Amino acid sequence: MRYTLNFDTRNLKSTTTDVLVVGSGISGLFAALNLKEELKVILISKEGMTTNNSYLAQGGIAIAFDEEDIPTHIEDTLKAGSYYNDPLAVKILVEEGRKNIERLMRYGVTFDQVNGRIDLTREGGHSTNRIMHKKDYTGKAILEQLIRTVTNRENIEIFENAYLVDVLTRGEKIVGALMLRGDELEWVITNHVILATGGIGKIFTRSTNSAVSTGDGIAVAHRAGALVEDMEFIQFHPTPLKGDGEAFLISEAVRGEGGRLRNAAGETFMHRYHPLGDLAPRDIVSRSILMEQELQGNDDIFIDVTHFEKGVFMKRFPSIYKACMKAGIDPEKDLVPVSPSEHYLMGGIVTDLCAKTTIRGLYSCGESARTGVQGANRLASNSLSEGIVFGYRVAQYINQCRAFTPDKSHHQFSGLAILNKEYLPAVEGLRQLMDYSANILRSRQKLHRALEEIQRLQAEFCGFYSRERSFLEFKNMIAVSKLIISMALLRKSSMGSHYIEEDQ
Ligand SMILES: Cc1cc2nc3c(=O)[nH]c(=O)nc-3n(C[C@H](O)[C@H](O)[C@H](O)COP(=O)(O)OP(=O)(O)OC[C@H]3O[C@@H](n4cnc5c(N)ncnc54)[C@H](O)[C@@H]3O)c2cc1C
């Protein structure tokens, strides 16, 4: 179906804007701030401004601070991505990182320093220390400054709790969008829509992602006919705190600063799986954990920081320390139990190097975009940098576009029946299906079974509509899950985070 709701714009309140930015994470905010101030911008966020993955980011932002580090950062990114990355996109990410960090700092963002110099830390897959950070709450520190700045910009109007339902197209061109505010469906007339809608974690039972990560932007773009690719490449972080539901992350920077992984017998084991040991790329560490669990016949895996000098862990990782203590674990004395969970999507809406999608006037940046930067597995802390580099690029592109005449002709759609059935148990069922089939270790048989089940869910629910946000999200989750499973089945061999057991 082209649209997910029945509507008739003649009955809707309308607003005209030069640019609609969807998302209040780092990429949406940075794009909005870099649009020229003559442009009228509406920025929407489906919940509050800080409910997103950017706010949760802990470890930091990877930047080649010195010129000499540029080739190494490029190589580390390509290597972590199994050389499936777009080399030009990676070059841009790395070369333009520093300039964009300087822009970020001009908005008042600060990073930890030692003796007057930026303190650079290290994470998995990096061959040197290049990660700028603010303790273990880098995302919060960045977002607070960006939100403060965006709120003071006269040309930017912010709508919280505003949900993008669909973009409106005429031919292959964007002419507007539909957004839901409370029960009210509104019509935004615009020629430029930036989808900075983040990840997809909530299609799995356990994810580090914020509650808003249901892949809406990807589903919206796909319904509009934009190209979506590489959805099978999903990163599972090796070390969220073990537990049900929300997966609180134990940042990779903890291993970067000397934390060690231990198995149920208390032994370190990563040196047996990869020369970089505990600091191997994430896809490898997550898989190694599963293999080690099987070898030991025991699922317990821990991070050990008990050898840190007293007080050091608490000072360097205050949020993680607090979360552990809340869970009854004292990291200074106890091993911290961890278990891999969904973390990041490498694929998404295909864009060029200016964040343009295959639909005119539709752009994407940040985690929802597939720029080619991340390849088959993202290098740690390259996501915040992607957000600023491509957020800036999309703004520069739009800034030089000629002013548009708004297309105010009306749109209607009436292909759907009103929802008349219970769907919430099916949402949980979908999550379990994705856990079963699209996890760290995959099999073609499971993927085939999952595809059949998703097609059944699609037939059961996607012919209906409702203005309930959770139902609209559910339909997007079905669409995104189908893209993941179909693309996983199309890929002929294992690569990066997409790992088929029977191929080994
Ligand atoms: C716990 C955690 C720790 C991380 N640590 C790091 C790190 O240290 N370094 C690093 O580089 N990366 C890290 N990452 C990854 C990184 O944080 C994210 O990939 C990145 O912040 C994504 O930014 P974004 O702007 O694309 O999306 P997000 O920050 O997720 O923002 C998405 C926005 O889109 C909005 N939205 C979505 N759908 C709709 C809709 N239908 N209508 C309206 N609005 C919508 C949401 O409300 C939200 O505001 C971490 C991720 C997590 C979860």
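How do the strands (runs of 3 or more DSSP E) wholly within the stretch 125-191 filter down when requiring 3 or more residues that are touching an Asp or Glu at 6+ places or on another chain (Cβ under 7 Å), within 30 Å of LEU78 (Cβ to Cβ) and not hydrophobic (A, V, I, L, M, F, W, C): which remain?
Result: empty, no element qualifies.
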Out of LYS140, LYS135, report the one residue that is of a type in the set (D, E, K, R), within 11 Å of the ligand (Cβ to nearest atom), touching a residue at least 12 places away in the same chain (Cβ under 8 Å) and under 30 Å from PHE313 (Cα atoms).
-> LYS140
Subset of the stretch 467-485 that is basic (Lys, Arg) and not in a loop (DSSP other than H, G, I, E, B) - its residue that is surrounded by the most Cβ atoms within 10 Å (Cβ to Cβ) = LYS475
Looking at ARG378, is it under 17 Å from LEU345 (Cα atoms), within 11 Å of the ligand (Cβ to nearest atom) and surrounded by 24 or more Cβ atoms within 10 Å (Cβ to Cβ)?
-> yes
Could you grab me the full set of residues in the stretch 486-498 that are touching an Asp or Glu at 6+ places or on another chain (Cβ under 8 Å) and open to solvent by less than 40 Å² (accessible area, probe 1.4 Å)?
-> MET487, ALA488, SER494, GLY496, SER497, HIS498
Among the candidates GLU294, GLU232, GLU246, single out the residue that is of a type in the set (Asp, Glu), out of contact with any His (no Cβ under 9 Å at 6 or more places or on another chain) and either within 12 Å of the ligand (Cβ to nearest atom) or not in a helix (DSSP H, G or I) (or both).
-> GLU246
With respect to ILE250, is the statement that it is touching a Ser or Thr at 6+ places or on another chain (Cβ under 9 Å) and closer than 30 Å to PRO331 by Cβ true?
-> yes
Residues of the stretch 143-194 satisfying the condition of being over 12 Å from THR15 (Cβ atoms) and among the hydroxyl-bearing types (Ser, Thr, Tyr) = THR149, THR151, TYR163, THR169
Give me a count of the residues in the stretch 17-48 that are within 7 Å of the ligand (Cβ to nearest atom) and not charged (D, E, K, R).
-> 9
Counting only residues that are of a type in the set (A, V, I, L, M) and in contact with a strand residue (DSSP E or B) (Cβ under 7 Å, 6 or more places away or on another chain), which one in the stretch 1-16 is farthest from the ligand (Cβ to nearest atom)?
-> LEU12
Looking only at the stretch 362-371, which residues are more than 7 Å from the ligand (Cβ to nearest atom) and either touching a Leu at 6+ places or on another chain (Cβ under 6 Å) or open to solvent by 10 Å² or more (accessible area, probe 1.4 Å) (or both)?
-> SER364, ARG370
Residues of the stretch 199-229 being within 12 Å of the ligand (Cβ to nearest atom), of a type in the set (Val, Ile, Thr) and touching a strand residue (DSSP E or B) at 6+ places or on another chain (Cβ under 8 Å), in sequence order, are ILE200, THR208, ILE218, VAL220
Among the strands (runs of 3 or more DSSP E) lying completely within the stretch 1-103, list those that include at least 1 residues that are open to solvent by 20 Å² or more (accessible area, probe 1.4 Å).
-> 13-16
With respect to PRO275, determine if the residue is more than 30 Å from LYS173 (Cα to Cα), crowded, with 20+ Cβ neighbours inside 10 Å, out of contact with any helix residue (DSSP H, G or I) (no Cβ under 7 Å at 6 or more places or on another chain) and not basic (Lys, Arg).
-> no
Take the residues of the stretch 348-360 that are crowded, with 24+ Cβ neighbours inside 10 Å and not polar (S, T, N, Q): which is nearest to the chain's Cα centre (by Cα)?
-> GLY348
Could you list all residues from the stretch 437-452 that are touching a helix residue (DSSP H, G or I) at 6+ places or on another chain (Cβ under 6 Å) and not basic (Lys, Arg)?
-> SER437, ALA438, ILE440, LEU441, SER443, LEU447, ALA450, LEU451
Checklist (1) part of a loop (DSSP other than H, G, I, E, B); (2) under 22 Å from ALA211 (Cα atoms) applied to ASP407, failing item | (2)
Screening GLY176, GLY171 for residues that are of a type in the set (Gly, Ala, Ser), surrounded by fewer than 17 Cβ atoms within 10 Å (Cβ to Cβ) and over 24 Å from the mean Cα position of the chain (by Cα) leaves only GLY171
What is the residue count in the stretch 104-129 for residues that are open to solvent by less than 70 Å² (accessible area, probe 1.4 Å) and within 16 Å of the ligand (Cβ to nearest atom)?
-> 14
Would a scan of the stretch 104-121 turn up a residue that is in contact with a Leu (Cβ under 7 Å, 6 or more places away or on another chain) and modelled with pLDDT of 95 or more?
-> yes
Of these, ILE63, ILE44, which one is within 21 Å of THR110 (Cβ to Cβ) and under 21 Å from the mean Cα position of the chain (by Cα)?
-> ILE63
TYR423 passes all but one of the listed conditions (1) open to solvent by 50 Å² or more (accessible area, probe 1.4 Å); (2) over 21 Å from GLU246 (Cα atoms); the exception is number (1)
Specify which of the listed residues (TYR55, TYR107, TYR83) is over 19 Å from THR371 (Cβ atoms) and more than 20 Å from the chain's Cα centre (by Cα).
-> TYR107
Scan the stretch 278-292 and give yes if some residue there is under 29 Å from ASP435 (Cβ atoms), of a type in the set (A, V, I, L, M), touching a residue at least 24 places away in the same chain (Cβ under 8 Å) and in contact with a Pro (Cβ under 7 Å, 6 or more places away or on another chain), otherwise no.
-> yes
Specify the residue that is modelled with the lowest pLDDT; the eligible residues are those in the stretch 263-291 that are acidic (Asp, Glu) and under 25 Å from SER381 (Cβ atoms).
-> ASP283
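The values are calculated or read from the model by the stated rules, or taken from the named source; none is laboratory data. The model shown is predicted, which means the values in this text are computed figures rather than measured ones. Cβ: placed from backbone, ideal geometry, glycine included. Neighbour counts: every protein chain shown. With ligands, DNA and RNA removed, areas are computed over all heavy atoms of the protein, side chains included. Shrake-Rupley method; radii C 1.70, N 1.55, O 1.52, S 1.80 Å.
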